[in-house]
Amino acid sequence: MDEQFATATTVHGIPVFSSIKLLVEQKDVKVIIAIGSSAARQRIARQIEDKVGPRFATLVHPRVILDDSVTLGEGSAVLGGLLTGSDVAIGDHVYTHHHVHIGHDAVLGNYVSIAPGTLIGGRAQIAEGVDFGLGATVLPNIKIGCWSRIGAGSVVTKDVPENVTVVGVPARIVSRREPGWHLHV
């Protein structure tokens, strides 16, 4: 699909495809976009949807603890060690790495990427395309705006606007991007 990611043919015995040809030819095939970049994942998902419609699998590692009330969007992948509280909503094409904790009533928008060891407090609202670095922490009741980045080890103690990068303890804004920047990556 995206030539810059077209180097492997299999990963752990699972086929990796760099062309949409298989999806066009075989109507029963579903895919997961296993790319850490939220912007790239969105771009590829839109290309697939435009050419063949939504054909996405959702993957849940067997060592994940999801409360029965959790909703998980299509095309999302949750790796081992994810632990959620009740009433968590996880959007489409969300990618959670190992050992992530998401508190009760949290909402994660589409295309969110969560690095290992991230802790998200209860009732947090994470908008579309947010990227979390290793071991980031978000306190309860925090809102993080779309397409923002949370630096590794940062502790978010107050709301974060959209299209910014925050780092530190407590997290503070270190850079801003123009709205729509992610469409050109």
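The values are calculated or read from the model by the stated rules, or taken from the named source; none is laboratory data. Model, not experiment: these values are computed from the prediction. Cβ placement follows ideal geometry from the backbone for every residue including glycine, while neighbour counts extend to all protein chains displayed.
For the stretch 69-78, the count of residues that are hydroxyl-bearing (Ser, Thr, Tyr), over 28 Å from HIS184 (Cβ atoms) and in a strand (DSSP E or B) is at least one.
Residue count for the stretch 115-154, restricted to those that are among the β-branched types (Val, Ile, Thr), out of contact with any helix residue (DSSP H, G or I) (no Cβ under 9 Å at 6 or more places or on another chain) and either at pLDDT below 95 or under 18 Å from LEU82 (Cα atoms) (or both): 5. Taking VAL155, is it in contact with a Leu (Cβ under 9 Å, 6 or more places away or on another chain) and among the hydrophobic types (A, V, I, L, M, F, W, C)? Here the answer is yes, as VAL155 does meet what is asked.
The rows are residues; the columns are (1) crowded, with 20+ Cβ neighbours inside 10 Å; (2) in the same structural domain as LEU139 (by TED's automatic domain parsing).
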| position | (1), (2) |
| --- | --- |
| LEU23 | no, no |
| VAL29 | no, no |
| ALA40 | no, no |
| ASP67 | no, yes |
| GLY75 | yes, yes |
| GLY81 | no, yes |
| THR84 | yes, yes |
| ASP87 | no, yes |
| HIS97 | yes, yes |
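For the stretch 28-44, the tally of residues that are part of a loop (DSSP other than H, G, I, E, B) and in contact (Cβ under 8 Å) with a residue 24 or more places away in the chain stands at 8. Annotation note: Cβ proximity below 7 Å between a residue of the stretch 159-183 that is closer than 25 Å to ALA45 by Cα and a residue that is in a strand (DSSP E or B) (sequence gap 6+ or interchain) occurs for ASN163/ARG176; VAL164/ILE173; VAL164/SER175; VAL164/ARG176; THR165/ARG149; THR165/VAL174; THR165/SER175. Could you please let me know if ILE114 is free of Cβ contacts under 8 Å to residues at least 60 places away in the same chain, touching an Asp or Glu at 6+ places or on another chain (Cβ under 8 Å), under 22 Å from ARG43 (Cβ atoms) and surrounded by 20 or more Cβ atoms within 10 Å (Cβ to Cβ)? Taking the combined requirement at face value, the residue does not satisfy it. So is GLN47 farther than 23 Å from GLY103 by Cβ, in contact (Cβ under 8 Å) with a residue 40 or more places away in the chain and outside the structural domain of PRO140 (by TED's automatic domain parsing) or not? Considered against the rule, which asks whether it is farther than 23 Å from GLY103 by Cβ, in contact (Cβ under 8 Å) with a residue 40 or more places away in the chain and outside the structural domain of PRO140 (by TED's automatic domain parsing), GLN47 comes out as yes.
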